[in-house]
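Data first, discussion second: the structure below is written as structure tokens.
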């Protein structure tokens with residue numbers, strides 16, 4: 001392999017992003033079909049379009065790392081495995097810290113590190129290094145070299161513009177997901193705290209329709225998580241009922257105003273959510289059904305329920 005221009009590197013990146021998307025989408029679609037017995041095509045990946053940057057990045061990193069040692073296959077294997085593993089570790093760690101979720105997770109496999117990398121996957125990357133340099137990349141390189149320089153630059157610019165736009169949209173959806181995960185978790189905790197305090201109040205204060213309210217409360221946490229509208233409507237109903245009960249003249253407690261303010265704050269938080277924001281996040285998660293989160297796993301499962309039911 002000889003040296004490549006920036007435009008040629010961009011075309012290589014785009015091509016392997018596309019090939020990786022085909023492989024990953026087929027694989028995930030089959031796995032999900034086996035698990036759920038419902039067969040459907042899953043447009044896999046962080047982006048909306050038919051590209052998976054992790055594969056394009058891995059291919060470019062492997063090529064860069066193995067070019068100096070391409071004459072020795074055992075070095076190609078080692079350098080390819082190490083370069084791709086390092087890239088996967090850095091990318092996975094950064095994305096988890098930024099978006100609060102893991103877009104891939106090897107936690108169920110042995111010899112993994114924080115679910116970001118795994119020995120067996122690293123060994124696979126080494127094989128990919130040999131396949132890349134010896135078989136796969138040879139015809140790809142030949143085709144790109146045959147393209148006129150002007151065509152190569154034009155294709156590279158067009159592809160870069162599209163990828164940049166798609167990444168911007170997808171990044172926004174990922175940040176929306178982070179915001180919603182944090183908000184759902186905070187609201188769930190706030191509602192549970194309010195319910196515990198409300199229980200303490202009503203234990204010593206006679207309130208009309210108490211049994212009805214208790215029945216509403218009994219399944220609140222589970223029921224409000226099913227779908228966005230059902231969640232909001234039911235939560236509002238509980239909050240209104242709690243507020244009305246506290247507003248009764250016979251209810252007199254020192255922190256009554258504080259409780260009412262917290263209920264109002266929670267209600268405003270629910271109202272401030274954007275329907276389009278949820279739609280973006282749901283679409284984003286459809287592309288990444290295996291996404292997991294440590295601190296926000298429960299909230300993540302609640303959002304997934306929006307399109308699984």
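What follows draws every value from the coordinates through simple rules; no lab data is involved. Predicted model, so just to flag it, every value in this text is computed and none were measured. We place every Cβ from the backbone using ideal geometry, glycine too, and count neighbours over all the protein chains shown.
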On the principal axes of its Cα set, how long, how wide and how thick is region 45-109? Give whole Å, largest value first. 41, 28, 19
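So how do 35, 298 line up by other beta-carbon neighbours within 10 Å, fewest first?
Ascending number of Cβ neighbours within 10 Å: 35, 298.
Expressed in nm², what is the orientationally averaged projection area of the convex hull enclosing the Cα positions of region 14-71?
With the hull built on Cα positions only, its mean projection is 4.8 nm².
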So, with points 7 Å from each Cα along the Cβ direction, the residue 160-residue 193 label distance in nm works out to 4.9
Taking 165, 55 and counting other beta carbon atoms within 10 angstrom, the fewest-first order is 165, 55
Treat the count of other C-beta atoms within 10 Å as a stand-in for reagent exposure and order 293, 29, 107 from fewest to most. 107, 29, 293
Between residue 41 and residue 142, the FRET efficiency computed from the C-beta separation at R0 = 22 Å comes out, to the nearest 0.05, as 0.10
Treating the Cα atoms of region 6-146 as identical point scatterers in vacuum, please give the log10 of the normalised Debye intensity I(q)/I(0) at q = 0.12, 0.19 Å⁻¹, two decimals. -0.53, -1.23
Multiplying the sequence separation of residue 112 and residue 167 by 0.36 nm and subtracting their Cα-Cα distance, what value in nm do you get? 17.0 nm
